[in-house]
Every structure is written in C-alpha cells, then in structure tokens.
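Read the structure below first, then the notes.
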Amino acid sequence: MQRFIVHSITTQSALALAFEVHGERLICIGEADGIPDIIVQAFDPARDIFYRTPSPLTPEELEEESHIYVPKSLREQIDRRVLASTLGSSVLIQFVERLAPALSPLSAMRIVLEPLGSVNAALIETSNGGLCYVHRVGEVMDAHCSSHSLKDFLSLPPESREEVFPGFVASSVIFSGSDLDHFERHNLGEFVEARRISLADFAPLCDLTEIAARLVGENPYLYTLAIGAASVYATILRETTTPRPLPSTSSGQALPKEGE
C-alpha cells in the first residue's frame, strides 16, 4: 500500500486530498494535511502560455519549445518551475509552485474523460476566469485553452464556439472547475448534452471512502483535477519498481507525456 497527497491549485484556493494505492485499486481517503507529493494547477489565462502546433511535438521538441518561450535568463528570475505539456497538437506551459513535483491539468483531464460520455465528448475545466477543454473523438484526444470566461462561452451561439475552441463539435459536454460556483445552468443547445461532472463520473478512476464520498459529493466539480492527477500518479507508481517523484527539471515536463 502506498499513500500520497495531491494538491489542486487555483488562483483563489487550494484543496488537498489523500489517496492510497492498493495494487490496481486507487482509494481516495479524504482531506489531507501536510506537504503534497504531487500538485496540479488549473489553467490560468493571466500567466500560462498556450498555443497549437502544426503537428504533435516529440518530448525533445517540447523541451526545446519551452526554452524558446521561457529562456534561461527568465527562469533564473522567477521563483517557480516551468511545466511544459502537450496533448494532440496543443501545448500548455505553466509556471508552477515549487513545493512539489507537478502534473499538467491536460493529463488529469484526459484520464477523467477517457471512460466517460460518448465517442464525441468534451470535458471543460472552468477555473481562474478561463476555459481549458479536452475533446475526444473516438480514440483521438485534443485540447485547447481560452481566456474566454464561462459566461462568455455560454452566451455564444453554436456557430461561434469554434472561434473559441477550434473543431468544437461535441455531442456530450461535461463541465467542472471552481467557476461553476457562479452558474446553475449550462445550456449549449438542444443537440448538445451538457451537464456538471458528478461523483459517479469518478468511479472508473478510484474508490472513495465514506468520508471522502461525502466531501467530494458536495461539490464534485471542484475535485476533477485532483482525482485525475491522482489517477495519473498512481499509474506512474505502479509502473515503477521503486516509487519516484516526477522530474523537477527546468522544463518541468510531466510523465507520462500527454497524448501517448
């Protein structure tokens, strides 16, 4: 049995969950105190860098890109690490807290979405006044981020949504993230099934103790990144003979690489 703590961080708050790995089973224990073993930061349009590339990047290309956008001279001036990640043809570069190794929110969202919804489904994380979405069409995953607020996005007519998220034609959309505190309805039109993420959506990833189920069940949309990151980290722990932290080099690239 291995136990670890995940911190999920937004610009407004941070929450901590404890997990235990029992063989192939991941169990969420509940709230946790102490230094995290892994952190995941929600997309922040005010300071994160996001862009798309003509084709998916290799790990070496991603490393090179991160040094182009955040050169060594700048890295030496900031008190944060640089975490570069990719999914499909999208790249996200974040400036993450140094208190623990970090996982990309793209990686966390991808693993949450994989078992959910139809073959044309999207998960939209709405935190920090911006939007981050992962879209699955069959076995293919892609991602995009936007500085549009949830309010702006919900007010757009269907034909304008592709201006925010290129290729956005999802029949099933699941919302999560702390910005949902301010919204009760998530209507995207009669041809799109749109809803908030639920406690049941986490069942393919982990079991929850009674205490954890009560906690997460009150506001499941706050815990998407934490549970997704825990599932990714548990996979890493299972695949290593001796548990080891994620790399904390200047590039901050999380393993496993998104899109593989």
Rounded, prolate or oblate (a/c below 1.5 giving rounded, otherwise prolate when a/b exceeds b/c) for segment 139-209 by Cα gyration tensor: prolate
Interatomic Cα distance distribution for the chain, bins of 10 angstrom, percent: 7, 32, 38, 20, 3, 0
Cα-based shape type of segment 58-156, given that a ≥ b ≥ c are square roots of the gyration tensor eigenvalues and the cut on a/c is 1.5: prolate
Point-charge dipole on Cβ atoms (K/R +1, D/E -1) for the chain, about Cα centre, debye to 20: 320
Protein accessible area in the chain, 1.4 Å probe - carbon and sulfur %: 51
Debye, to nearest 20: dipole size of segment 1-137, +1 on Lys, Arg Cβ, -1 on Asp, Glu Cβ: 160
Signed unit charges on C-beta, dipole axis of the chain, positive-most listed residue Ala121, Ile211, Tyr221: Ile211
For Arg196, residues with placed amide H under 5 Å, excluding near neighbours: Phe175
Estimated vicinal HN-Hα couplings, Hz - segment 157-164 in sequence order (Karplus 6.51, -1.76, 1.60; Gly, Pro = x): x, x, 5, 9, 5, 5, 6, 8
Relative frequency of Cα-Cα separations exceeding 19 Å in segment 16-115, percent: 52
Given the chain, longest segment not containing exposed loop trypsin sites (Lys or Arg not before Pro) (DSSP; at most 13 other Cβ within 10 Å): 99-184
Whole-Hz ³J(HN,Hα) from phi, Karplus 6.51 cos²θ - 1.76 cosθ + 1.60, for segment 53-59, glycine and proline x: 10, x, 8, x, 8, 7, x
For the chain, calculated [θ]222 nm from helices alone, where every DSSP H run of n ≥ 4 adds -39500 (n - 2.57): -6000 deg cm²/dmol
Highest-MSF residue in the chain out of Ser118, Ser73, Ser127 [GNM, Cα springs under 10 Å]: Ser73
Qualifying GluC sites (Glu not before Pro) in segment 68-162, DSSP loop, other Cβ atoms within 10 Å at most 13: Glu76, Glu139
Built amide H within the under 5 Å cut-off of Ala170, gap 5+: none
Nonlocal amide H pairs with Gly30, under 5 Å, H built at 1.01 Å: Ala18
Positive minus negative residues near Gln41 (Lys, Arg vs Asp, Glu; Cβ under 9 Å): -3
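The values are calculated or read from the model by the stated rules, or taken from the named source; none is laboratory data. As the structure is a computational prediction, the values presented were derived from the model and not from experiment. In this analysis, Cβ positions are derived from the backbone assuming ideal geometry, glycine residues included, and neighbour counts consider all displayed protein chains. Ligands, DNA and RNA are stripped out before the accessible areas are found, and what is left, the full protein with its side chains, is counted by its heavy atoms. Shrake-Rupley method; radii C 1.70, N 1.55, O 1.52, S 1.80 Å.
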